[in-house]
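Okay, so here's the structure we're looking at.
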Amino acid sequence: MLESNKDSAKLDAMKRIVGMIAKGKNASDLFPAVVKNVASKNIEIKKLVYVYLVRYAEEQQDLALLSISTFQRALKDPNQLIRASALRVLSSIRVPIIVPIMMLAIKEASADLSPYVRKNAAHAIQKLYSLDPEQKEMLIEIIEKLLKDKSTLVAGSVVMAFEEVCPDRIDLIHKNYRKLCNLLVDVEEWGQVVIIHMLTRYARTQFVSPWKEADGLEDNEKDFYDSDEEQKEKTDKGKKPYTMDPDHRLLIRNTKPLLQSRNAAVVMAVAQLYWHIAPKSEAGIISKSLVRLLRSNREVQYIVLQNIATMSIQRKGMFEPYLKSFYVRSTDPTMIKILKLEILTNLANEANISTLLREFQTYVKSQDKQFAAATIQTIGRCATNISEVTDTCLTGLVCLLSNRDEIVVAESVVVIKKLLQMQPIQHGEIIKHMAKLLDSITVPVARASILWLIGENCERVPKIAPDVLRKTAKSFTGEDDLVKLQILNLGAKLYLTNSKQTKLLTQYILNLGKYDQNYDIRDRTRFIRQLIVPNEKSGALSKYAKKIFLAQKPAPLLESPFKGRDHYQLGTLSHTLNTKATGYLELSNWPEVAPDPSVRNVEVIELAKEWTPAGKAKKENPDKKFYSESAEEEEDSSESSSDSESESGSESGEQDDEGDSSEDSSEHESESGSGSEAENKRAAKKNSKTKGKSDSEDVDKENENSKTSDSSNAESSSIEDSSSDSASESESESESESRKVTKEKENKTKQDRNPLTKDVSLLDLDDFNPVSTPVARPTPALSPSLIADLEGLNLSASSSVISVSTPVFVPVKTHVLLHRMSGKGLAAHYFFPRQPCVFGDNMVSVQITLNNTTDWKVENIHIGEKKLPVGMQMHVFNPIESLEPEGSITVSMGIDFCDSTQTASFQLCTKDDCFSVNIQPPVGELLLPVAMSEKDFKKEQGMLTGMNETSTVIIAAPQNFTSSVILQKVVNVANVGVVPSGQDNIHRFAAKTVHSGSLMLVTVELKEDSTAQLIINTEKTVIGSLLLRELKPVLSQG
């Protein structure tokens, strides 16, 4: 297929090959056949070939080098996607001989007009640096140039290149610091992560520590503050005056919104930034966001919990309010369970320990033995950390010694041993109890722990210790090496304290150990014999044998395994592994004195061009600005802002879809459009200065005409579904924004001539379609200027005799809005009365019946927060003061569904509670019945053919095709009017959509052999296809 002369066959072949690569299959054998098509004139084929080459260019370097001239030509291609792909392929050929070519290509791409190509140039920098590190200086120059780029698409990639090539060159960041902080919210997610990590390191070198002023405060006093201003006031009143650098505050303020990001890596990056550079009083806000991430998949949970474990050691107060979020679920994997235990241990204090211990009792019974063992260790740590519960924990652990599970018993023994080391005098009975368990316990660690405890306390249990030694001497040869060593130690201690009873036993054990297979045991045996059994060869140490063996041992320190990890930057691989990973960049300590902040200052003109005008231009008085004779600087700044806005708009389009070839042309059109727009503005301003008001009005009319033609073109090219409506809406909105200065003047003039009472925003203009019927048009709610602009959009004339008719009576279908169980006794049902809505011509009438099933009054029933899709509107009912027990009331609402079946979500509230409810309209309720003659029906139907027509064949029994049955079934599904028909085998129904007034024509034509054809004609093809899908099964069934 790749050798075919037809582009369609080649395209199909390339799609299959790329599909193979996506599934992980090896397609390298096809490299020669694919590389031949690199010069194809078909853009789609070329893009797929480049995708393939990026994957395999490194493996097949020789063949890829043959096509290098083609890649160089493609770098000049008018399509930005081809230019970018060519650069990606070129940088993927890792052959030192083409380094100069790559360098030249990167230099050219870094100055490209398309931000997408510049982004790929930044990616290529890293590849070239790894291939030839000697090019570092030249690459730093390109990085410095790209860091000045104002595009959000480029920012993340160039900072990644900076981190790879020259992370120590902080001087490159100074001038771009504020720009990066302000761009951060709009950068793509992975770019945000890289930039935040880089800015964290930057802040630690350029600002003084904000933690000095908070050192005297308790954790619980500094968790939450209402605002930055309050924090500053408290800081000023403190003993040590500390003023935060404005740039430091800028970084903290601009990263705060990213805590709500849907990307877990971004939230984690912001959290580590707050942890490392924010004042301790402000770091508390990250805890809620991190807890939210615990609803993600297990891999994300693992990383987040590791970081929380490290944080909770130093600042318990941050996570104490969310204690229950760290309770273990039965579905959690073991690694997550153990991390949650770690955090619960860190958060344990006198106030919550009783709750936690009850929780731990449940965990001990878990089927997961590793988790149960970890829980017992956790109980031991809680006992050592909180002295008030030490005895309670010890009692609980002793009870566990009678557990059937050997692992639980063994772990309990080990933990009890550690606890008894802290206060051995008080617990002789526990040691006796454990000695009895020695016969039943088989786990080596537990047996060794019991023997060690008896040996240490042999003087307190003088009757039990020798008997234990006797029993273990019998089983010495079959014991584990760990247990054998403790038997030898026990024998030595008893020999020194009770030699009368144990002298022979100890010598027997020493003889057994002398010939053991393990050399550790043989060495220990020889050492003990020389130390405790006096003879001629014994040295001076024999005198001190008792002090050596029975010395007071220090109590073990039970610490968190995460205690030493805080010196690694949170969220990094090094922190996760607890060892320094390759490429890890350490955070520097805070400087004692802050470096000169003026290095971050940039020229005022640049600042004005970059940030200020976008908001100003909209807020200033348009008349004053249009006619002002002030300096030209203000005009220049507003023009540059409009250019940058159009550029950022095109960038977001490119980022969303790389593979759309039409994007390139659309971007060039938008750029040229914005350019001509700026020229029009300048011309208008100059004319207003020289010619006066009449001339400027002429310019306004020209702009108005050009806008009308632009918007009509956009409308005629849109597809007839709901998504295209919203697209044309946003397009018209952006055009009106860009010409706002001109339009304001025009609005004022036209309002003087033709005032209207209602005024509404451009968001209501989402349904001007190429073929629309002005039948029963809703009351105009548009500003005068918009009516003038949109007069030419109506392309079809319709019969004036078409009007809304009364609906055919059908039984009311009620739907549950709120069940009485969910609503705490308040029940709500809704239905569609099929009457024109009194609240607005474009709204669907909805009636809600409220029932109080409780024995008390329900007060203040009202609509709370509304969560509606863009463009959807709702007219709510007046609040109901009270509803008596067993009482019922019906209220009316109006909802503008924008001719779509999207769900209207809102809250139904009472005095005490709020309940989230949804209303989703059946497609048939979005219509109003229309009365029209058969002649008018056929005329309208003839205008709605082609893409505006959908049809299907229905098969049913003859008795289901009678006129009355068809009428009943159709009107049950949809609110349509019946059109008189002169033919018995054709049934016609007509309606119009509530929002836009578009006609909906339904025809049921009966055929022979018990079949019928269902035809729907409408310009709203999405609604038409939904209605067809609803009607077909209803008409088919008996």
**Study point:** Checklist (1) within 26 Å of Asn254 (Cβ to Cβ); (2) crowded, with 20+ Cβ neighbours inside 10 Å applied to Val185, failing item
**Key:** (2)
**Study point:** Criterion: modelled with pLDDT under 75 and touching a Ser or Thr at 6+ places or on another chain (Cβ under 6 Å) - qualifying residue of Pro554, Pro534
**Key:** Pro534
Review point. Is it true that Met318 is crowded, with 19+ Cβ neighbours inside 10 Å, at pLDDT below 90 and over 30 Å from Ser402 (Cα atoms)?
Key: yes
Point to revise | From Gly380, Gly455, residue being within 42 Å of the chain's Cα centre (by Cα) and under 30 Å from Lys547 (Cβ atoms) | key: Gly380
Exercise for review: Mind listing whichever residues of the range 558-599 are of a type in the set (S, T, N, Q), loosely packed, with under 15 Cβ neighbours inside 10 Å and without any contact (Cβ under 8 Å) to a residue 60 or more places away in the chain?
Suggested key: Asn578, Thr579, Thr582, Ser598
Practice item. For Ile195, state whether it is at pLDDT 90 or above, open to solvent by less than 60 Å² (accessible area, probe 1.4 Å) and closer than 22 Å to Ile125 by Cα. Key: yes
Review point. Would a scan of the range 933-954 turn up a residue that is more than 44 Å from the chain's Cα centre (by Cα) and in a strand (DSSP E or B)?
Key: yes
Check your understanding: Wholly within the range 349-444, which helices (runs of 4 or more DSSP H) include no fewer than the required count, namely at least 1 residues that are of a type in the set (S, T, N, Q)?
Key -> 353-364, 369-385, 390-400, 406-420
Revision key, fill the gap. For the range 829-852 the number of residues that are within 18 Å of Thr814 (Cβ to Cβ) and among the charged types (D, E, K, R) is 1
Point to revise | Filter result for Ala13 (under 18 Å from Val95 (Cβ atoms) and buried (at least 18 other Cβ atoms within 10 Å of the Cβ)) | key: no
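Each row is one residue, and each column tells you yes or no for (1) in contact with a Phe, Trp or Tyr (Cβ under 8 Å, 6 or more places away or on another chain); (2) buried (at least 16 other Cβ atoms within 10 Å of the Cβ); (3) within 20 Å of Ile450 (Cα to Cα).
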{"site": "Leu485", "(1), (2), (3)": "no, yes, yes"}
{"site": "Leu488", "(1), (2), (3)": "no, yes, yes"}
{"site": "Gly491", "(1), (2), (3)": "no, yes, yes"}
{"site": "Lys500", "(1), (2), (3)": "no, no, no"}
{"site": "Lys503", "(1), (2), (3)": "yes, no, no"}
{"site": "Asp516", "(1), (2), (3)": "no, yes, no"}
{"site": "Arg522", "(1), (2), (3)": "yes, no, no"}
{"site": "Gln530", "(1), (2), (3)": "no, yes, no"}
{"site": "Leu550", "(1), (2), (3)": "no, yes, yes"}
Review point. Restricting the range 40-74 to residues that are of a type in the set (Val, Ile, Thr) and open to solvent by less than 50 Å² (accessible area, probe 1.4 Å), which is farthest from Ala109 (Cα to Cα)?
Key: Ile45
Revision key, fill the gap. Ser209 meets each of (1) in contact (Cβ under 8 Å) with a residue 60 or more places away in the chain; (2) open to solvent by 10 Å² or more (accessible area, probe 1.4 Å); (3) of a type in the set (Ser, Thr, Tyr); (4) in a helix (DSSP H, G or I) with one exception, condition (4)
Point to revise | Failed item in (1) of a type in the set (Asp, Glu); (2) assigned to a helix (DSSP H, G or I); (3) within 35 Å of the chain's Cα centre (by Cα), with Glu134 passing the rest | key: (3)
Exercise for review: Considering every residue within the range 154-168, establish whether at least one is of a type outside the set (Asp, Glu), over 22 Å from Gln569 (Cα atoms) and surrounded by fewer than 19 Cβ atoms within 10 Å (Cβ to Cβ).
Suggested key: no
Review point. Does Ser330 fit the bill of being modelled with pLDDT under 90, farther than 23 Å from Leu394 by Cα, open to solvent by 20 Å² or more (accessible area, probe 1.4 Å) and assigned to a loop (DSSP other than H, G, I, E, B)?
Key: yes
Practice item. Considering only residues that are in contact with a Phe, Trp or Tyr (Cβ under 7 Å, 6 or more places away or on another chain) and closer than 16 Å to Ala931 by Cα, look in the range 975-1013 and name the one that is surrounded by the fewest Cβ atoms within 10 Å (Cβ to Cβ). Key: Val978
Review point. Can you tell me which of Glu429, Glu411 is free of Cβ contacts under 8 Å to residues at least 12 places away in the same chain and open to solvent by 20 Å² or more (accessible area, probe 1.4 Å)?
Key: Glu429
**Study point:** Test result for Gln507, out of contact with any strand residue (DSSP E or B) (no Cβ under 7 Å at 6 or more places or on another chain), at pLDDT below 85 and surrounded by 12 or more Cβ atoms within 10 Å (Cβ to Cβ)
**Key:** no
Review point. Got a sec? Which of Ala473, Ala551, Ala545 is within 22 Å of Ile431 (Cα to Cα) and touching a Leu at 6+ places or on another chain (Cβ under 7 Å)?
Key: Ala473
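Yes or no, residue by residue, for (1) over 26 Å from Pro257 (Cβ atoms); (2) among the acidic types (Asp, Glu); (3) touching a His at 6+ places or on another chain (Cβ under 9 Å):
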{"residue": "Ile98", "(1), (2), (3)": "yes, no, no"}
{"residue": "Ser110", "(1), (2), (3)": "yes, no, no"}
{"residue": "Asn120", "(1), (2), (3)": "yes, no, no"}
{"residue": "Ile143", "(1), (2), (3)": "yes, no, no"}
{"residue": "Glu164", "(1), (2), (3)": "yes, yes, no"}
{"residue": "Asn176", "(1), (2), (3)": "no, no, no"}
{"residue": "Asn182", "(1), (2), (3)": "no, no, no"}
Study note, to complete from the structure: Taking the range 93-114 and keeping residues within 24 Å of Leu147 (Cα to Cα) and crowded, with 20+ Cβ neighbours inside 10 Å leaves Met102, Ala105, Ile106, Ala109, Ser110, Ser114
Review point. Has the range 915-925 got at least one residue that is buried (at least 19 other Cβ atoms within 10 Å of the Cβ) and of a type in the set (Ser, Thr, Tyr)?
Key: no
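Table: residues versus (1) more than 30 Å from Ser261 (Cβ to Cβ); (2) open to solvent by 30 Å² or more (accessible area, probe 1.4 Å).
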residue: Gly284; (1), (2): no, no
residue: Tyr302; (1), (2): no, yes
residue: Leu305; (1), (2): no, no
residue: Leu356; (1), (2): yes, no
residue: Val364; (1), (2): yes, no
residue: Ile386; (1), (2): yes, no
Practice item. For residues that are over 13 Å from Asn498 (Cα atoms) and open to solvent by less than 30 Å² (accessible area, probe 1.4 Å), tally how many sit in the range 448-473. Key: 9
Study note, to complete from the structure: The condition of being outside the structural domain of Phe989 (by the TED database) and buried (at least 18 other Cβ atoms within 10 Å of the Cβ) holds, among Phe906, Phe961, only for Phe906
Review point. Within the set of pairs 6 or more residues apart or between chains, which connect a residue that is farther than 24 Å from Pro1033 by Cα inside the range 931-952 to a residue that is among the aromatic types (Phe, Trp, Tyr) and at pLDDT 90 or above with Cβ atoms less than 7 Å apart?
Key: none
Check your understanding: How many residues does the range 877-901 contain that are outside any strand (DSSP E or B) and either surrounded by fewer than 16 Cβ atoms within 10 Å (Cβ to Cβ) or among the aliphatic types (A, V, I, L, M) (or both)?
Key -> 7
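The values are calculated or read from the model by the stated rules, or taken from the named source; none is laboratory data. Remember, predicted model here, so these are calculated numbers, not experimental data. Methodologically, a virtual Cβ is constructed for each residue, glycine included, from the backbone with ideal geometry; neighbour enumeration extends over all protein chains shown. The accessibility values were calculated without ligands, DNA or RNA, using every heavy atom of the protein model including side chains. Shrake-Rupley method; radii C 1.70, N 1.55, O 1.52, S 1.80 Å.
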